[in-house]
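Each reported figure results from applying straightforward, stated rules to the coordinates on display, with no laboratory input. Quick caveat: nothing in here was measured; it's all calculated off a predicted structure. Note that we place each Cβ from the backbone using ideal geometry, even for glycine, and neighbour counts take in every protein chain shown.
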Amino acid sequence: MAAIANRGGKAFRFDTDRFPTQVYLDVYYSQGEERQILTIDEQQLDLSSVSSVWYRRIATGGRIPQTMESQMRNAAVGESRATIAGMIASIRGFHFDRLSHIRLADNKQLQLQVTREIGLDIPRTLITNNPLAVQEFAHECQEGMITKMLSAFAIYNEKGEEQVVFTNPVTADDLEHLDGLRFCPMTFQEKVPKQLELRTIIVGKRVFTAAVDSQRSQLAKHDWRKQGLALINSWEEYNLPPDVEKKLLELLAYFGLNYGAIDIILTPDGRHVFLEVNPVGEFFWLECCPPHFPISEAIADLLLAQSVSNSGDK
């Protein structure tokens, strides 16, 4: 918001968790008129004046009381989400990025398929609920293999403490206990040797890449997020080879995305191995901490540039 204001634009923030309990939305259609008015803290926004929209971390209905009867609450949350999704979809202007494009890019299988066709290096991967397929796949992975989930979720223990599901190595003992796959498929990948782990943030045509040596910490060897706070000041700017940057931009163009947070492994022999792209992935730590990338400024530039091209003014 500050970056937009510094460039002469005006930003209006909508915390979706405050709808419908604290925020009003009036959507009106007739034969000769339509209007959408959002009222937040007595401040009104006519959505027809919005020329660019950026949305992330949508939590519509988050403040509907948990004490409400569960079926009624689920219905209220569902209707609220449908209302806000329709509101966003009908905004005439630049979307950073359209929800349909984000949902398409969320499919990790499609990501790997397209990435391989573009020519980027990817790890050998198996997604299955078949124990026999996993055991056969293990023989292909001479350096071992890891397992992870396609979806983001957490498990809570009996104390209510969050147990985040990270990427983990698969042991020989694990291969003898795969019966749980009949309840839930999993993703298995060959263990790719790491020299550095890279995070690339793409905004429009601007590419920001940072690297961290996750192998310095035993706890971070398989997933740097396990030591995310400990490594937060250890990221350094990294220059991707031009051909890798070009292919990453091709990947985002395939999905119609203007933004992506991409995870890559640099191997000791110099290969850049693509892991995944998150179309709404985190970037803020790379701005607040080293290498202090100006990502908010890049987002503001893109939103305002598209605003001008779409409407002739800010």
Between 0 and 90°, nearest 10: helix 295-311 axis offset from the chain longest Cα axis: 40 degrees
Size of the chain as Cα extents on the principal axes (Å, biggest first): 67, 51, 37
Cα shape, segment 22-120, gyration tensor, a/c 1.5 rule: oblate
Candidates 208, 137, 183: whichever shows maximal mean-square fluctuation once the chain is modelled as a Gaussian network with Cα springs under 10 Å: 183
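Which value in Å does the Kirkwood hydrodynamic radius of segment 124-190 take, with 1/r averaged over all unlike C-alpha pairs and then inverted?
12.7 Å is the Kirkwood radius here.
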Neighbour-count ranking [beta-carbon atoms within 10 angstrom, fewest first] of 171, 128: 171, 128
Of 173, 213, 97, the one that fluctuates the most in a GNM where the chain has Cα springs shorter than 10 Å: 173
Rh (Kirkwood; distinct C-alpha pairs) - segment 192-288, Å: 13.7 Å
Restricting segment 130-194 to trypsin sites (Lys or Arg not before Pro) in coil, as DSSP defines it, with at most 13 other Cβ within 10 Å: 159
Max mean-square fluctuation residue, GNM over the chain, Cα-Cα springs under 10 Å, options 118, 64, 155: 155
Residue order, fewest to most beta carbons within 10 Å, for 288, 141: 288, 141
Degrees between helix 70-89 axis and first principal axis of the chain (Cα, 0 to 90, nearest 10): 80 degrees
Approximate spin-label separation residue 156-residue 116, in nm, with each point projected 7 Å along Cα-to-Cβ: 3.9 nm
Between segment 125-179 and segment 194-223, the Cα center-to-center distance that results, in Å: 22 Å
Relative exposure of 72, 149, 87, judged by other C-beta atoms within 10 Å (fewest first): 72, 149, 87
Sequence-distant residues sharing a close amide H with residue 144 (under 5 Å, placed H): 191
